[in-house]
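Colleague: Take a look at this one; I'll ask things after.
The values are calculated or read from the model by the stated rules, or taken from the named source; none is laboratory data. These figures come from a predicted structure and were not determined experimentally. We place every Cβ from the backbone using ideal geometry, glycine too, and count neighbours over all the protein chains shown.
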Amino acid sequence: MKAQSEQIPRFGAKPRILVIDDEPELSRLLLTVLKRNGFEACAASTGTDGLRLSGEQNYDLILCDIDLPDIDGFEICRRIKQSPKLRPIPIILMSGRLAEGNEAMALKLGAADFVSKPFGVEILLSKVSGHIRGSKGEP
C-alpha cells in the first residue's frame, strides 16, 4: 500500500512524526505508510502518552485523533500550542465523528489542519509533507 508521494528533502535525519490514536489498526497503518514514504514515526495510544512523548522527543509534525480515551485531541492541541517549545510543531487533528464544528474548533485552537476519517493516504501524505515543509520555511 505504498503511496507515491514526494519525499521531503532534508539534511540528516528523516522528518519525525508522532501519531496519537487509540485505534491500533489505524496506528499501525499510519506508521507503515509514513515509514514507507520517508518519515520516522512512532505512536501513542492515549493523550497522556502523546503529551509525554511530544515533550521528550523532537517531532516535525503530530497527527492526533480527537476521540481519545483520556484527553481529547482538542485539549492536546491546546496544551501543545501553549508550550513555547512545542508551539511550532504543526498538528493535524483527525476524527471519524461527523460534527460540523470539529474542523473549525481544530483550526481555532491552532491546529495546522483537520482530516476526516476515513481519509485517502495520498491526501494525508500531501498534507503531512506540505505542513512539514511550511514549518521549515520551505516552499
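Colleague: With respect to the numbered conditions (1) under 14 Å from the mean Cα position of the chain (by Cα); (2) surrounded by 17 or more Cβ atoms within 10 Å (Cβ to Cβ), which one is the sole condition not fulfilled by Ile71?
Modeller: For Ile71, the exception is condition (1).
Colleague: Would the range 96-113 turn up any residue that is surrounded by 21 or more Cβ atoms within 10 Å (Cβ to Cβ), among the hydrophobic types (A, V, I, L, M, F, W, C), touching a Leu at 6+ places or on another chain (Cβ under 8 Å) and more than 27 Å from Ala13 (Cα to Cα)?
Modeller: yes
Colleague: Tally up the residues in the range 117-135 that are surrounded by 14 or more Cβ atoms within 10 Å (Cβ to Cβ), of a type outside the set (A, V, I, L, M, F, W, C) and within 18 Å of Leu61 (Cα to Cα), please.
Modeller: Residues flagged as surrounded by 14 or more Cβ atoms within 10 Å (Cβ to Cβ), of a type outside the set (A, V, I, L, M, F, W, C) and within 18 Å of Leu61 (Cα to Cα) within the range 117-135 amount to 7.
Colleague: Suppose we filter Ile80, Ile66, Ile91 for residues that are of a type outside the set (Ser, Thr, Tyr), closer than 18 Å to Gly130 by Cβ and buried (at least 21 other Cβ atoms within 10 Å of the Cβ); which single one remains?
Modeller: Of the residues listed, the single one that is of a type outside the set (Ser, Thr, Tyr), closer than 18 Å to Gly130 by Cβ and buried (at least 21 other Cβ atoms within 10 Å of the Cβ) is Ile91.
Colleague: Take the residues in the range 117-131 that are of a type in the set (Val, Ile, Thr) and farther than 15 Å from Glu25 by Cα; name whichever of them is nearest to the chain's Cα centre (by Cα).
Modeller: Val128
Colleague: Pairs only if they're at least six apart or on different chains, beta carbon under 6 angstrom, first in the range 127-139 and part of a helix (DSSP H, G or I), second surrounded by fewer than 15 Cβ atoms within 10 Å (Cβ to Cβ) and modelled with pLDDT of 90 or more; list them, first residue then second.
Modeller: Matching pairs, first to second residue: none at all.
Colleague: Any idea which of Ile89, Ile123 is free of Cβ contacts under 8 Å to residues at least 12 places away in the same chain, within 21 Å of Pro15 (Cα to Cα) and not small (Gly, Ala, Ser)?
Modeller: Every option except Ile123 fails the conditions.
Colleague: The conditions are (1) in contact with a Ser or Thr (Cβ under 7 Å, 6 or more places away or on another chain); (2) within 15 Å of Ile20 (Cα to Cα), and Leu125 fails exactly one of them. Which is it?
Modeller: Checking Leu125 against (1) in contact with a Ser or Thr (Cβ under 7 Å, 6 or more places away or on another chain); (2) within 15 Å of Ile20 (Cα to Cα), the one that fails is (2).
Colleague: Restricting attention to the range 91-122, report how many residues are at pLDDT 90 or above and either among the aliphatic types (A, V, I, L, M) or within 16 Å of Ile17 (Cβ to Cβ) (or both).
Modeller: Residues in the range 91-122 being at pLDDT 90 or above and either among the aliphatic types (A, V, I, L, M) or within 16 Å of Ile17 (Cβ to Cβ) (or both): 15 in total.
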